[in-house]
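Worksheet for the structure shown next.
Every number here is computed from the coordinates shown, using simple stated rules; none is lab data. If you're wondering where the values come from, they're calculated on a predicted model, not measured in any experiment.
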């Protein structure tokens with residue numbers, strides 16, 4: 001047994017690679033790191049998907065959601081209507097505003113609290129619904145990637161078939177690596 005064979009036996013014998021094991025002390029094994037990262041990402045996506053599962057809503061929930069959409073447009077249109085009313089009939093408008101001036105201050109505070117809580121709760125509910133939809137979208141990413149890869153493979157196979165069966169002499173020369181043939185017009 002030669003000296004080189006003994007050295008290789010020490011380095012690579014018994015299904016071990018001493019060089020790779022030594023290198024991993026100083027540098028992370030990229031393949032193992034990618035596997036760890038992939039499993040971590042998969043676990044996070046699974047947890048995210050379980051947390052924000054899409055629940056089918058009934059007619060009552062949809063009706064309440066539709067009714068919840070009414071106050072904001074109604075307040076905006078009502079405010080613009082007040083401006084129009086002030087221009088059309090200033091005396092009628094002044095009488096209504098005098099009535100509003102008689103509303104006690106605690107009632108204004110109560111109205112402000114109700115409107116603030118309504119819009120705050122609605123904002124939070126819509127934010128959570130957005131998070132659920134985002135989780136559902138992110139969960140479809142692996143399937144989309146597989147579909148894109150399949151389409152690219154089909155396109156590549158189709159391109160290869162078209163190139164190989166082409167009757168175009170210039171394309172055939174190009175594929176064979178030959179210089180282009182002179183055209184009959186230049187002869």
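Things to note:
- Kirkwood hydrodynamic radius (C-alpha pairs) into Stokes-Einstein, segment 17-130, 10 °C and 1.306 mPa s, D in µm²/s: 77
- Per the Cα gyration tensor, segment 32-71 maps to an equivalent ellipsoid with semi-axes of 40, 10, 5 Å, ordered largest to smallest.
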